[in-house]
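Report on the following structure.
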Amino acid sequence: MTSGRPITEADLHAYVDQALDAPRRAEVQAYLDQHPEIARRVAAEARQRGDLRAAFAAIAEEPVPATLSLAQLIDRRSRIVGGGDPDGAAGGAGGNAPRGIDGHYRPRRPAWQLAIAAVVLVGLGGLGGWAARGATRPGNGIAALAQEATDSYRVYAPDRVHPVELRAVDQGALIAWVSDRLAHPVSVPDLTKAGFRFMGGRVVVTAHGPAGLLMYDDDRGTRMVMLVRPMAVERDTAMSAHASGSVRGFSWARRGVGYSVVAEASADRLHPLADEVRRQTDAGVPG
Amino acid sequence: MHDLQAAVEPLIPALRRYARALLRDRAAADDLVHDCLERTISRWHQRRGDGDARAWVFAILHNLAMNRLRQRARRGAHVALDDADDPALARPPAQEDQLRHGDLVRALAELPADQRSVLLLVAVEDLSYAEAARVLDVPIGTVMSRLSRARERLHRLMDDLPASARPNRLRSVP
């Protein structure tokens, strides 16, 4: 007992766990030599530790399954955040790119996307400045709805923390909430056959009152947003296409309810989705 | 991103082991590790800058595991305690060892979750007592007392169960 410190239970555990430095270990060893009862207990605990390690050792030697590939998880996260194109060459170092709450895993974006994003950020807040293909004023009709859907998409689709307020598992509560706020029964179109899963949704603000936002994503992390709200004007309007930068959409109105389907996807990919949403919502509209 | 990968990737085998030792179900354990890695990626920037990624990642996994075990308990799901091929054991070692290890794993499952966690983190995963305290979010003194109780109780359970004369206990059925 060169240090003079009494041997504690913690010392005995640390002895078993081989966590003592050499001088203290020698002191504990000397103590155990003089106390065979305690030495037997400590030896049993050391055996138990060895057995536990042996019992579980093989698990850590298994090859790690592909689903737990860290590189893929990081990559997938970047794609989800980026809403698509992971092939950009720019490192995302520019200050104007949309980013999540944590800025560490911003997707790599090509420079042209950064430029568009900058323009969009400058333009946010000015609904009045937008003109559909430079032809019609947004007003209160379909063009306004299209802009609101595009704005909502830009705000919520890149959000990695709370893209939706109620998730798909709470679909019942979400439908009740949105239907109540819109004073109109809303249903959730099933787009699984088109490869898009329902993620959830929320109520969002527009210049024309509350709107329901439903979000979907596909296996590649591409997110798609559907906005629905009552229409004061242009209450029955054929589907029209619109685009703002890389964000495309299809919007229409049926029996006083406007719908807009928006994503960063090609028109070829998005159009059939919009048709399917229209087919299902039409089926749900009372004749 | 590179520092995340460098720090966390080497931990994955140990994370799988800890998860499986707690849940005793390979698929459920790997699901848990998957969730843990996703959270690790999304919260990486939030960790304290002390460089100790291991305790931090283990804490995420531990909290997920405790939630999962609580869900199971609420649903009344019973984990089979006496499966001949215990899923916690990845592959059969030598026959005699297998028997003893099987007994040990079953006895471990009878410990309260807080004692089992401490023992696994310290004895199997080689976390220091301070790291275990961080993972479990308890004072280090609590780690020591839980460790003490866990070792004593496991020892007693094993003593009560001589492998040669051990009758097959019945699995609890809901």
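When you check A:ARG279 against the structure, is it of a type outside the set (S, T, N, Q) and in contact with a Pro (Cβ under 9 Å, 6 or more places away or on another chain), yes or no? Spelling it out, A:ARG279 is indeed of a type outside the set (S, T, N, Q) and in contact with a Pro (Cβ under 9 Å, 6 or more places away or on another chain). Of the strands (runs of 3 or more DSSP E) lying entirely inside the stretch A:142-261, those containing at least 2 residues that are over 22 Å from the mean Cα position of the chain (by Cα) are A:209-217, A:223-230, A:237-244, A:247-254. Pairs under 6 Å by beta carbon, first residue assigned by TED's automatic domain parsing to the domain that holds A:MET226 and buried (at least 17 other Cβ atoms within 10 Å of the Cβ) in the stretch A:266-277, partner outside any helix (DSSP H, G or I) and of a type in the set (Gly, Ala, Ser), six or more apart or different chains? Pairs found: A:LEU270/A:ALA263. Screening the candidates A:GLY284, A:GLY256 for the property of being surrounded by fewer than 16 Cβ atoms within 10 Å (Cβ to Cβ), touching a Pro at 6+ places or on another chain (Cβ under 9 Å), closer than 21 Å to A:HIS208 by Cα and touching a residue at least 12 places away in the same chain (Cβ under 8 Å) yields one hit, A:GLY256. Residues of the stretch B:1-35 that are out of contact with any helix residue (DSSP H, G or I) (no Cβ under 8 Å at 6 or more places or on another chain) and not in a helix (DSSP H, G or I): B:ASP25 alone. Would it be correct to say that B:LEU69 is among the aliphatic types (A, V, I, L, M), within 14 Å of chain A (Cβ to nearest Cβ) and assigned to a helix (DSSP H, G or I)? Taking the combined requirement at face value, the residue does not satisfy it.
Here B:ARG54 clears all of (1) more than 13 Å from the chain's Cα centre (by Cα); (2) within 9 Å of chain A (Cβ to nearest Cβ) except the condition numbered (2). For the stretch A:8-54, residues that are part of a helix (DSSP H, G or I), under 47 Å from the mean Cα position of the chain (by Cα) and more than 11 Å from chain B (Cβ to nearest Cβ) total 1.
The values are calculated or read from the model by the stated rules, or taken from the named source; none is laboratory data. The shown structure was predicted, so the numbers you read here are calculated from the model rather than taken from an experiment. Glycine also receives a Cβ, built like all others from the backbone with ideal geometry; neighbour counts cover every protein chain displayed.
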